[in-house]
Amino acid sequence: MISYNNLFAVSATGAFVMNTIDWQLDDPTQTALSSPVLPKTLPVLSNWQSIFGLNILSMGDSHFAIRANVTSAVRKRKR
């Protein structure tokens, strides 16, 4: 999952700046999902490998990167 259009309070500089947020889950066993249809429920993270995990990147003439492993996912309910 990747988002390309993000506004960061601190971003890279330059004529072409790209601010992305992405989260990658890998399943080399092909058993994490029971069908090719994306589920409506949160992923069971223990069923997946997270090789790259969560990345927050700002790239241009300068750049920064934040990389993390996600250990839980919860749904925030609207009030």
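Read-outs throughout are calculated quantities, based only on the coordinates presented, and are distinct from any laboratory measurement. Here the structure is a predicted model, which is why all the values come from computation and not from measurement. Here the Cβ positions follow ideal geometry from the backbone for every residue, glycine too, while neighbour counts run over all protein chains shown.
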> For the subset of segment 54-79 comprising residues that are among the β-branched types (Val, Ile, Thr) and part of a strand (DSSP E or B), which member is surrounded by the most Cβ atoms within 10 Å (Cβ to Cβ)?
Replying inline: ILE56
> Given the conditions (1) part of a loop (DSSP other than H, G, I, E, B); (2) exposed (fewer than 11 other Cβ atoms within 10 Å of the Cβ); (3) among the small types (Gly, Ala, Ser), which single one is not true for SER46?
Replying inline: (1)
